[in-house]
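In what follows, a structure is listed as structure tokens, so that the remarks can point back to it.
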4 protein chains.
Amino acid sequence: MSSSFGTLFRITTFGESHCPGVGVVVDGCPPRLALSEADIQVQLDRRRPGQSRLTTERDEKDRVRILAGVENGLTLGTPLALYVANRDMKPADYRAMSDVPRPSHADFTYQEKYGIRASSGGGRSSARETVGRVAAGAVAEKFLADHHRVEIVAWVSAVGAVEAGGVDPLRIGREQVDRDPVRCPDSAAAAKMAETIRLTKEAADSIGGIVSCVCRNVPAGWGEPVFDKMEASLARAMLSIPATKGFEIGSGFAGVRMRGSAHNDPFVMKDGRLGTATNHSGGVQGGISNGEPIFFRVAFKPVATIGRPQQTADFTGAPVTLEAKGRHDPCVVPRAVPIVEAMAALVLADLALRQGARP
Amino acid sequence: MSSSFGTLFRITTFGESHCPGVGVVVDGCPPRLALSEADIQVQLDRRRPGQSRLTTERDEKDRVRILAGVENGLTLGTPLALYVANRDMKPADYRAMSDVPRPSHADFTYQEKYGIRASSGGGRSSARETVGRVAAGAVAEKFLADHHRVEIVAWVSAVGAVEAGGVDPLRIGREQVDRDPVRCPDSAAAAKMAETIRLTKEAADSIGGIVSCVCRNVPAGWGEPVFDKMEASLARAMLSIPATKGFEIGSGFAGVRMRGSAHNDPFVMKDGRLGTATNHSGGVQGGISNGEPIFFRVAFKPVATIGRPQQTADFTGAPVTLEAKGRHDPCVVPRAVPIVEAMAALVLADLALRQGARP
Amino acid sequence: MSSSFGTLFRITTFGESHCPGVGVVVDGCPPRLALSEADIQVQLDRRRPGQSRLTTERDEKDRVRILAGVENGLTLGTPLALYVANRDMKPADYRAMSDVPRPSHADFTYQEKYGIRASSGGGRSSARETVGRVAAGAVAEKFLADHHRVEIVAWVSAVGAVEAGGVDPLRIGREQVDRDPVRCPDSAAAAKMAETIRLTKEAADSIGGIVSCVCRNVPAGWGEPVFDKMEASLARAMLSIPATKGFEIGSGFAGVRMRGSAHNDPFVMKDGRLGTATNHSGGVQGGISNGEPIFFRVAFKPVATIGRPQQTADFTGAPVTLEAKGRHDPCVVPRAVPIVEAMAALVLADLALRQGARP
Amino acid sequence: MSSSFGTLFRITTFGESHCPGVGVVVDGCPPRLALSEADIQVQLDRRRPGQSRLTTERDEKDRVRILAGVENGLTLGTPLALYVANRDMKPADYRAMSDVPRPSHADFTYQEKYGIRASSGGGRSSARETVGRVAAGAVAEKFLADHHRVEIVAWVSAVGAVEAGGVDPLRIGREQVDRDPVRCPDSAAAAKMAETIRLTKEAADSIGGIVSCVCRNVPAGWGEPVFDKMEASLARAMLSIPATKGFEIGSGFAGVRMRGSAHNDPFVMKDGRLGTATNHSGGVQGGISNGEPIFFRVAFKPVATIGRPQQTADFTGAPVTLEAKGRHDPCVVPRAVPIVEAMAALVLADLALRQGARP
């Protein structure tokens, strides 16, 4: 296990899907930051399933409690402990554990790695693990906003083959994003995405998508070459989110086809500082922020849990047809939006403190 | 600076492009591993520029020396120090330092971050920094081959708009890759890539590309959820390489458009072990290797140094036309092949030791 | 803040004396370890104040809950979260905060460091912080006992000027230690220690002491030169316990006066393995365990909270007479015994896993 | 192996006693620090054997080279690589390796841990390993002096049973310390120490000693509770030095016998800041510096290498008489002075940067 993330702004998450609860310890949060449970709850609510007919209908009320590190509404500089009780905490009896590893789930790999696995719900590989990330990310965002005016906004830019257009990374805000339950601010595309998700659900299937994210007002100088470059840290953060398969920053994979003369971002004066006329770099050069918006995209695969019967094998290799029960999310990307924002905030808060340590 | 990578198999690189030399300390390499300078030199030679007319023509003879950690041809379990002297080690006089930050280079961001920068050659953001990675990666590969029979092979799968086809990740070897200087094993595509590079060079411009990589014989169970998942660690490793803009594993960005019923990898018996019939997961599930080949792709932008004049601004914001002198690589991806392999080996060696620590 | 300890067996503690609760996340505990709340409670009970008339009389019932990481009585290999609710969790109103930093407490230094401090009870510098350590240490001990038969026993070897004699580190057990409330197995010395504590209490004062500790059955080969040597790791662990002022291993400070010919531990065959005839080294050579018992001692100062009036200054520097209220521990060393054992167990568990990673 | 030390000011040492060379990479040194090889050489010269008739007579000329990280006399903020070639770099042929593990050396434990060991000279457990520490420590001292006016002075306060008196930690300087080759500023005691060393040498034996150290001008607020407390970090640093057996800070082991009313350091105004009237705390409270001088002592055992014949056993357990050849240091503490200073500087530089990161 490696459930810690960050060097100076450092989080450690815990909790399986069916144990008493999930949470996070945030070590290194600066002191004297105004922080309440409400500051954290708002992002947990955005992450919760059951917010619309598009996603799963379970009613998870995730109330966060601050167990340590805050007094009279201010952080003490000591570790914060944030906790969310699980509602259905009873793990299944281990005798009832399935003999069939679910395809493209982590049943098989956890069993191979640990010689044991949680008896139900995916345990630590469940999406429920992200509760701690989102809670900690809300704290990181509070620090970034209060100390650096940093703004982080993510949105759904693709569901299956439907891609959003016309989203301006310089102006997009969370209100716009949340206007539509699919969390795509291009309303025409959003409608097509909703239809795609509806059809996928009817087919008892699932579909992938892309979350785009912009971080504005990041000052030049954040990012620690050579292994904790801004883009390397973001890539690690994003690929640690369940169901992700890809990451690109700035021009990304499309930049491969460009010539350097078109790709290079020329310097110009902007609002009294040296900026760049274009931003194919996505706000980073040599692993360090350059003062332009940081822009990246994260690819999510179709979730592995589907209602359709699947031909597969049990742990002994015997062929078997697997049919999942219950209701499942046909598409996770709308709920992934606050998770992507949280991981971005955690990366930035840590790099901000690390740059701040330089005298 | 953050020049260390890995938890148990841990490297620390050092050196700018024009200081006395570059190198790496490898801490945590297992003892009693047969290791010679020749084992390391082979990959350094593959990384060196000037190997063909396609890349730059400078003649860098990078001879590695093992300064510590090996005796009588065996590692002692103590830190290895690997060193390569720079041939042109004299830094420019700081009075001669350019007033113009090169577009999409790290001149501006290093200056903003550190308040100082190397006077010539890009310093630590130079491609020369990767010498240490490749040297350490060769050691990691030796360990992985000797102890686990792991095979790592990378190749060029795209240059600009030219994409390779028909490369079988199960069988591709380094000899095949090196047969053509462009390091693309699809010879028809290789010819077109060479032509693209030639035309780009004539235009005094540069072009991007994609490096694909497969890691075979990785046993099930490697990767440390939740933040050091296999894919998260690989993503970080690859995005820390200069000029990278994207990473994808398995189905990657294309997987977004698939439905779960098609994307899920069903289990089947294979050679007496439980394997998967397809490999859209790219060899990982829940962040842990599943015994199938690990397959990923890395996007490289067109290099920033080009011969064509560029309109930009100097540090004061005054408009200026910049013209680079000297000869430059129009396309780095052929040389990036051993760098991608090295970073993959470093990730795998560390995760192997970490899984091995579990009793 | 730096509330994490360990590389592979890694703990993160949280909680102030008057927040909702205190606890610890244990990341890296091996899977399939039999573990119950009772396994942990036993050491928490030994650490609790109010166990005898000798120590403070508050009745802290510290019931531990396992919030995550265990199912059906077995660890899952995922992070364990251990939690103990505080009984008197209401922090004081910040307006009531004292203007007087208590001498030799951390009021002044926390205020200087963080610009804020917990309004009562010492916050994170309180002895209450050690609850998480003891809980995690009990898990580490379970692993060490089950996998390596390691035994760890600490005892009080000095209170003020009274020193224990005749304790055999090869045979001493916890039952013997707990027979007397002062936790000194030399009963004559224990009686004198009790009398010293009684007199100190009558004088509304406090007194220091020494805790000795032995770790038996530690195999040769644990300890990671050069900076995580066994003795360096133990020294850090012990000096991180509140109120400690010194650490010595083997011959310690007394060894300074010995000649090498007397201090050197000659090798001899013992039970079929190469051992040493004497153990001035304290079970370590070159930072690595040699198979002999590891033996060390920890010095505790007299606790800073005393009932007697003290002449000091307030935060503005104005002279003031300070009188503490309430009942206080005149001597912490009996309660420190399980804390020393816990920290030793955490060091050994981590070094065991790190050595186990070596193929 | 764990050859790295520090979180933000982080060093990684390498090198055995008989490989090509020893050295250190310093990652995280602040940029724009004036630094030359001479700044480092001065402490390496103080560490070198052969400075007087009291210590060994080998003539090791340790010339340091800065291989990376400095340009035009200023640090770049990138990793510094500091290197010292070994003069007698030829390791012995492995067939010549002794069958007899030297008593209280690390021959046996390295062999047990790694299954291999350096064929001569103690390899990584040799005192030669400290060259890298001293070089890196000189850089840390330069940073501490330039940015914080911190002064670090260590001296020999005991050799065998001879103890120094009358040394004023507030005033003692390195010049005074170096006036006598034994590095004890109490000249009467120094003479007795020299005589003790002379007699020990005549007896072909060795003797232990104590090094005391003071760090002045450390501002209040350094030290990271709860596991990287100032005293915990110093203890780890000191116990990682070869041949150390104990550490105490402030009142140390003697404080055990004091009552709280005498031990507590009352606050008083001093030079316009809140200070303490006494300093039994040794400059730290709750793990954080309080602005008073940090004062600690380190116990060194008699070195294991002695000329006298010793009865011991070979690796098979067969009894054997061992006689060391060559000339050896009868007492290491004079040479340990700059090593203690170096480790103190490394601890302080790291904690300074970590506190500086707090906004």
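The values are calculated or read from the model by the stated rules, or taken from the named source; none is laboratory data. Small disclaimer: the values here were computed from a predicted structure and weren't measured. Methodologically, a virtual Cβ is constructed for each residue, glycine included, from the backbone with ideal geometry; neighbour enumeration extends over all protein chains shown. These area figures cover heavy atoms from the full protein model, side chains too; ligands, DNA and RNA do not enter into them. Shrake-Rupley method; radii C 1.70, N 1.55, O 1.52, S 1.80 Å.
Structure notes:
- Top-ranked residue of the range D:233-250 - restricted to ones that are open to solvent by less than 10 Å² (accessible area, probe 1.4 Å) and more than 7 Å from chain C (Cβ to nearest Cβ), ranked as farthest from C:Glu112 (Cα to Cα): D:Thr244
- So A:Ala190, is it modelled with pLDDT of 95 or more and buried (at least 24 other Cβ atoms within 10 Å of the Cβ): no
- Residues located in the range A:279-311, provided they are hydroxyl-bearing (Ser, Thr, Tyr) and open to solvent by 10 Å² or more (accessible area, probe 1.4 Å): A:Thr305
- Checking D:Asp329 against (1) at pLDDT 95 or above; (2) surrounded by 19 or more Cβ atoms within 10 Å (Cβ to Cβ), the condition it does not meet: (1)
- Some residue of the range C:6-14 being open to solvent by less than 20 Å² (accessible area, probe 1.4 Å), within 14 Å of chain D (Cβ to nearest Cβ) and at pLDDT below 95: no
- The residues of the range B:276-290 that are within 24 Å of the chain's Cα centre (by Cα), within 8 Å of chain A (Cβ to nearest Cβ) and closer than 20 Å to B:Glu224 by Cα, listed by number, are B:Ser281, B:Gly282, B:Val284, B:Gln285, B:Gly287, B:Ile288, B:Ser289, B:Asn290.
- When C:Ala220 is tested against (1) surrounded by fewer than 24 Cβ atoms within 10 Å (Cβ to Cβ); (2) closer than 19 Å to C:Val337 by Cβ; (3) in contact with a Ser or Thr (Cβ under 7 Å, 6 or more places away or on another chain), exactly one condition is not met: (2).
- From D:Ser212, D:Ser157, residue being surrounded by fewer than 24 Cβ atoms within 10 Å (Cβ to Cβ), hydroxyl-bearing (Ser, Thr, Tyr) and either in a loop (DSSP other than H, G, I, E, B) or within 14 Å of another protein chain (Cβ to nearest Cβ) (or both): D:Ser212
- Of all the listed residues (A:Tyr110, A:Tyr83), the sole one being more than 22 Å from B:Glu224 (Cα to Cα), modelled with pLDDT of 95 or more and open to solvent by 10 Å² or more (accessible area, probe 1.4 Å) is A:Tyr83.
- Criterion violated by A:Val139 - all others in (1) part of a helix (DSSP H, G or I); (2) over 25 Å from A:Tyr83 (Cβ atoms); (3) touching a Cys at 6+ places or on another chain (Cβ under 7 Å) satisfied: (2)
- Per-region count, the range C:173-206, residues free of Cβ contacts under 8 Å to residues at least 24 places away in the same chain and among the hydroxyl-bearing types (Ser, Thr, Tyr): 1
- Any hit, the range B:198-209, residues being over 30 Å from A:Tyr110 (Cα atoms), open to solvent by 30 Å² or more (accessible area, probe 1.4 Å) and of a type in the set (Ser, Thr, Tyr): no
- Residue within the range D:251-268 that is open to solvent by 20 Å² or more (accessible area, probe 1.4 Å), farther than 28 Å from D:Gly209 by Cα, part of a strand (DSSP E or B) and of a type in the set (D, E, K, R) present: yes
- Conditions (1) modelled with pLDDT of 95 or more; (2) within 14 Å of chain C (Cβ to nearest Cβ); number of the one not met by D:Gly121: (1)
- Residue pairs whose Cβ atoms lie under 6 Å apart, separated by 6 or more positions or on different chains, with the first residue in the range D:64-78 and closer than 27 Å to D:Arg128 by Cα and facing another protein chain (nearest Cβ under 7 Å) and the second open to solvent by less than 10 Å² (accessible area, probe 1.4 Å) and of a type in the set (Lys, Arg), are D:Thr78/B:Arg124.
- For the range C:291-311, the set of residues classified as at the interface with another protein chain (Cβ under 8 Å from one of its Cβ atoms) and in contact with a helix residue (DSSP H, G or I) (Cβ under 9 Å, 6 or more places away or on another chain) consists of C:Gly291, C:Ala299, C:Phe300, C:Lys301, C:Pro302, C:Val303, C:Ala304, C:Thr305, C:Ile306, C:Arg308, C:Gln310, listed by residue number.
- Within the range C:334-359, the set of residues being within 9 Å of another protein chain (Cβ to nearest Cβ) and modelled with pLDDT of 95 or more comprises C:Ala352, C:Leu353, C:Arg354, C:Gln355, C:Gly356, C:Ala357, C:Arg358.
- Pairs where the first residue, in the range C:251-275, is more than 7 Å from chain D (Cβ to nearest Cβ) and the second is of a type in the set (A, V, I, L, M) and open to solvent by 40 Å² or more (accessible area, probe 1.4 Å), C-beta under 8 Å, 6+ apart: C:Gly275/C:Val268; C:Gly275/C:Met269
- One residue from D:Ile241, D:Ile306 being aliphatic (A, V, I, L, M), in a loop (DSSP other than H, G, I, E, B) and at pLDDT 95 or above: D:Ile241
- Among (1) in contact (Cβ under 8 Å) with a residue 60 or more places away in the chain; (2) at the interface with another protein chain (Cβ under 10 Å from one of its Cβ atoms) - the single one B:Ala140 does not satisfy: (2)
- If you go through the range A:312-326 and keep only what is surrounded by 15 or more Cβ atoms within 10 Å (Cβ to Cβ) and more than 10 Å from chain B (Cβ to nearest Cβ), you end up with just A:Ala324.
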